[in-house]
Each structure stands twice: as structure tokens, then as C-alpha cells.
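Take a look at the structure set out below.
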Amino acid sequence: MTNSAMTTHSPFSQAMARIGPQLILSVLVFVAAFVAIIATMWMWGQTSDYRVLFSNLSDRDGGEIIVSLQQQNIPYKFAEGGGALLVPGDKVHEVRLRLASQGLPKGGTAGFELMENQKFGTSQFLEQVNYQRSLEGELARSMQTLGPVLSARVHLAIPKPTVFVKEQQKPSASVMLTLHPGRSLEAGQVNAIIHLISSSIPNLPATAVTVVDQRGTLLSSMREGGSEAMDATQLKYVRQIEQDYIKRIEDIVAPLIGAQNVRAQVTADIDFSRTEQTAESFKPNQPPNQASIRSTQSTESKNAAGSPAGVPGALSNQPPVPATAPVVIPASAVADVTGGNNSSLKEATTNYEVDRTISHTKLPVGSIRRLSVAVLINNRSITDDKGKTTSKPFTPAELAQLNNLVRNAMGFSAQRGDSLNLLNSAFNEIPDAVVPEVPIWKQPDMITLAKEALKYFLLTAAGLYLFFGIIRPAFRNLSANLSAMPAAGAVEEEDHEEKAKKEKEFHAKQSEVSYESSLQAAKQMANQSPKIVASVVQEWVNK
């Protein structure tokens, strides 16, 4: 009986009984908390910064983009009440390129895909409306490919065709552009948009296209010839000419006096007018032997003696008309007229070519009408033997040489009305302000590095505190209790052996003596060893 009772208590159960359930529960709670805190800190350290991928998306584009992100296993979330789609910051550009290869976002404009969903029995009016909507969407998509354009809307006014010529109307178009912040369209880009639309619609003149931006600016007024003011191309051309002349002057003068000692400014008056001239000139008559003959006409007449000369009638009695060309009369004919019985008359008319010159001249656009040049030259710096630097102006002869050099560099023309002003004076140079160096603790890179280091320091400090302040003391107490278990087990085994021995002696004496003696012996044993007697009674009760 005693052996069976002893085997019911294993060393592990006895150790657990000595440690106590509260200490075990505390250790488990601390271990679970430590694991949870470490996992949370690791996830916090691995969490990347989310940035905006797209904003103000339509429902259709947003749904297609989310499906694509899910297929690519890219995390995302919403912000600003669902108005912006966020992805990890290190994947923004990569995701945009991938979505662009898929044609996303489409911008919410519908093109010719509207014609693919035509229902059976659709009227001609609805077909025409869908075709016009599709055409507007395709034109808007084409304009959105331009860099400065964020979005575009196109409105077409296409009249109904008619067989009556007088009632035919020309179509027109209106374009609403939304530009990126800080971007603008040049005149050439506006003209490209206008001609793109006019070429896409039959019988649509370019003058019937109106382009407006989101600020209400009429961009179509920038078309070529629409304004008398200079456009951006002409201003750029003037600026380029002025910069070229400035570079010429500084390049020719800088080797003599130094690049920092010369300043030049050029104002160019450019003629952008389109001029065509037609002139017709005549030269004086040349001698007959050198002129070209156009035509020759000769006339010969003879009269008999006594017969009236000329044709009968009133016309023959009139005086002769003055000749319009030189008349060449041979000498024999003159003799016949004056004294002979018979008279003859010969006339010859020769027409010469007129020396005429017709010239048509088309003057070039953008020619220089006048140049105004101002050149400022710094005084000469002279350093003496002691290392002292002084400023000395140029001599008149040297200034004259520099003046002639600048004239040749700019192509000075007095006939054109050019002007040149060269001035020699000391420069009033202000020394560059010394910009204080930003302390290392205020530099953005160091601030970012400090934040990252502080984050990982806090993680490390929290882990060390949990390990050395909570987990390690708990395991020390557990190991101390476990190490004390063998000694306690040995004492208990000795107690059991002693109790077994006493019990054997007790039963032996009980069988030999009488009841009284046994009772006396039991009392004596109880007085001598009350602990053994109590254990025996306990075992009896348990049985």
C-alpha cells in the first residue's frame, strides 16, 4: 500500500506543485507578451511609407486598377475618403509604368468601343449620337497624349446634312483642356490641336475650332495670324539673335581683359513683316544697229503723168498724216515726184523691241533693321612689387582699338542705323555673401538617419528590457526551484523508508504483545515519534 501511494506523485508533478500555478502563469504571460511585442516592432519596422498612386479616379478606372494590383500582389489602401489610391512609396513609379502598359487609367472617356455595344433595333438618331460621342472620346484621348494636357473634353456641333446648297452649314468644335499645374501650351501645340480636330471632321474649317483651358483662357487666339502681337517663336528668335551678338562681343574682348571684366548687352530691332515688291523699268532707246527689230512694214505707190495722185475722193484732198515711224524714200522716187511725168512713193516702217525689265522681290522675314549695343569694360588691375593691387583705366588709344574690335564683331552698319556705346569704368562689385554652413544635425539626411537609428534603438532597448528585466529573472526562479527538487525528493524517500521500518516494527510488536501492551507501545511510540504516527493514521484514512 505504501509503495502504490508513493508512485502516484511523479517528480515533475511535485516540482510543479512546489513552483506554484501563479508563477507558471506569469512566465507564460511574459513570454507571450515578449513574442507579441517583438512581432509588432518587427512589423512596424518593416512597414513602408505609402504614397499616392492616382487620385480622382473614376469608378471604372479605379476598379480595373485594383484588379491589376491584386493580380500583381501589390498592397494598396485608400486615403482622403477614397479619393486617392496609395501604394508603397518604393513601388509607385514601377506600378505606374506597369499600369500604363495596360492602358490604365483610361481617363473616363469612351471611344469607338461604344459602337461595339449597339443593341438590335437602335434608331438612326441614336446611332448618330453614339458615333459623335465616340468621335469626341477618341479626339480627347489623342489630345491627352500631349505632355502639358491632363485631361480634355471635345464638343462637336455637326449639322444635319441637307441636299439644298443654300441651307448647308459648316460643323464646328469646342475643346476644353485641363493642363497640369505650372504647364502651358505653346502656339505651335495649339495649332496642332486645331488642325487635328479640323482634319478629323469633314468640312470643318480650322477657324471654327475653339480651344479653352481650365482658367478660361482662349487658346485658339494664339493661332498663326490671329494676333498682331509677337508670338513665342518670334520672341525666342529675337532673344537668340541678341544672345549670339553678346557672345560674339564677349568672346572677342575677354582674351584681352578677362572674362569677368566685360559686360555686353544687345538690343535687336527685327523686321517680321512680309513684303513683296514688283517693279517694271524701261531703258533708253538704243541705236538702230544695236536694237532688236520687232516688225518691218513697207509701202510703194506709183502715179502716171497728168493723173491726180492719190485715191479719188475727199480723203485724197486732205493733208497727209504725220508719219509715226521714220520714212525712207529712195532718191529716184524723190526725183520722180518733183520733176518727172511719172511719180512713185515708197514707205518703210520698222518697229524695234522696247528694253523693259520686270522684277519681283520677296523680302525675307526676320531681317535685322537696327542694332543697339552697349559694352561696359572694367578698369585694368595692376599689382606692384609689394603685392598691392590698384585699378587703372584704359588709355584712349586702347579704348579706340576695343571700339573698333567690337564694331567688327557686331557687323556695325551706319547705313542701317546701328549704335555702339563703349564705356570704361571700375566695377562696383559686391562680394558674395557667405552662406553659413548648415549644422550637421540640421541636415535633412542626418535627420532621416537619426530617426531610423532612434527607431531601431527603441526596438533594441525594449527587447533588452523585456529579456533582462522580466524573462531572465523568471527563468532564474524557475531553475532555482527545479534545482531544489532532487534534495526534497531524497528527504521524502528517506521519510518513507523510515516510516516503513517503524510500521514493520509496530506490526511485529503488536502481534507479540497483548492489546494493553500494544496500546502502551502505541502511546509510547506516539510520544516518541508523533510524525510517524500521524502519517500512519493518514494512510489509514486514505485507504
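The values are calculated or read from the model by the stated rules, or taken from the named source; none is laboratory data. Here the structure is a predicted model, which is why all the values come from computation and not from measurement. Don't worry about glycine lacking a Cβ; one is built from the backbone with ideal geometry, like all the others, and counts go over all protein chains shown. Side chains included, ligands, DNA and RNA excluded: accessible areas come from the protein's heavy atoms. Shrake-Rupley method; radii C 1.70, N 1.55, O 1.52, S 1.80 Å.
Would it be correct to say that Gln46 is at pLDDT 75 or above and either within 38 Å of the chain's Cα centre (by Cα) or open to solvent by 90 Å² or more (accessible area, probe 1.4 Å) (or both)?
Spelling it out, it is not the case that Gln46 is at pLDDT 75 or above and either within 38 Å of the chain's Cα centre (by Cα) or open to solvent by 90 Å² or more (accessible area, probe 1.4 Å) (or both).
Within the range 261-268, is there a residue that is at pLDDT below 90, open to solvent by 60 Å² or more (accessible area, probe 1.4 Å) and under 30 Å from Leu399 (Cβ atoms)? No, because not a single residue in the range 261-268 is at pLDDT below 90, open to solvent by 60 Å² or more (accessible area, probe 1.4 Å) and under 30 Å from Leu399 (Cβ atoms). Can Arg274 be described as among the charged types (D, E, K, R), open to solvent by 100 Å² or more (accessible area, probe 1.4 Å), modelled with pLDDT of 75 or more and within 27 Å of Arg416 (Cα to Cα)? Spelling it out, Arg274 is indeed among the charged types (D, E, K, R), open to solvent by 100 Å² or more (accessible area, probe 1.4 Å), modelled with pLDDT of 75 or more and within 27 Å of Arg416 (Cα to Cα). Inspection of the range 158-174 finds no residue satisfying the criterion of being under 19 Å from the mean Cα position of the chain (by Cα) and closer than 30 Å to Leu235 by Cα. Here is the figure for the range 171-204: residues that are open to solvent by 40 Å² or more (accessible area, probe 1.4 Å) and either over 17 Å from Leu135 (Cα atoms) or among the hydrophobic types (A, V, I, L, M, F, W, C) (or both) total 12. Given the condition part of a loop (DSSP other than H, G, I, E, B), touching a helix residue (DSSP H, G or I) at 6+ places or on another chain (Cβ under 7 Å), modelled with pLDDT of 85 or more and exposed (fewer than 15 other Cβ atoms within 10 Å of the Cβ), answer yes or no: does some residue in the range 158-170 qualify? So far as the range 158-170 goes, yes, one or more of its residues are part of a loop (DSSP other than H, G, I, E, B), touching a helix residue (DSSP H, G or I) at 6+ places or on another chain (Cβ under 7 Å), modelled with pLDDT of 85 or more and exposed (fewer than 15 other Cβ atoms within 10 Å of the Cβ).
In the range 435-464, the residues that are within 21 Å of Val35 (Cβ to Cβ) reach residues that are of a type in the set (Phe, Trp, Tyr) and open to solvent by 100 Å² or more (accessible area, probe 1.4 Å) with C-beta atoms within less than 9 angstrom, at least six apart or across chains, in these pairs: Lys455/Trp44; Leu459/Trp42; Leu459/Trp44. Open to solvent by 80 Å² or more (accessible area, probe 1.4 Å) and of a type in the set (S, T, N, Q), is that true of Thr145? When the stated conditions are applied, Thr145 passes them. Under the condition of being without any contact (Cβ under 8 Å) to a residue 40 or more places away in the chain and open to solvent by less than 70 Å² (accessible area, probe 1.4 Å), the residues counted in the range 372-383 number 1.
For the range 344-371, the candidate set comprises residues that are in contact (Cβ under 8 Å) with a residue 60 or more places away in the chain and hydrophobic (A, V, I, L, M, F, W, C); within that set, the residue that is farthest from Leu235 (Cα to Cα) is Val354. Return the residues of the range 374-411 that are of a type in the set (Ser, Thr, Tyr) and part of a loop (DSSP other than H, G, I, E, B); say none if nothing qualifies. Once the filter is applied, which keeps residues that are of a type in the set (Ser, Thr, Tyr) and part of a loop (DSSP other than H, G, I, E, B), the range 374-411 yields only Thr395. Applying the condition of being open to solvent by 80 Å² or more (accessible area, probe 1.4 Å) and free of Cβ contacts under 8 Å to residues at least 12 places away in the same chain to the range 384-407 and asking which residue is nearest to Asn428 (Cα to Cα) yields Thr389.
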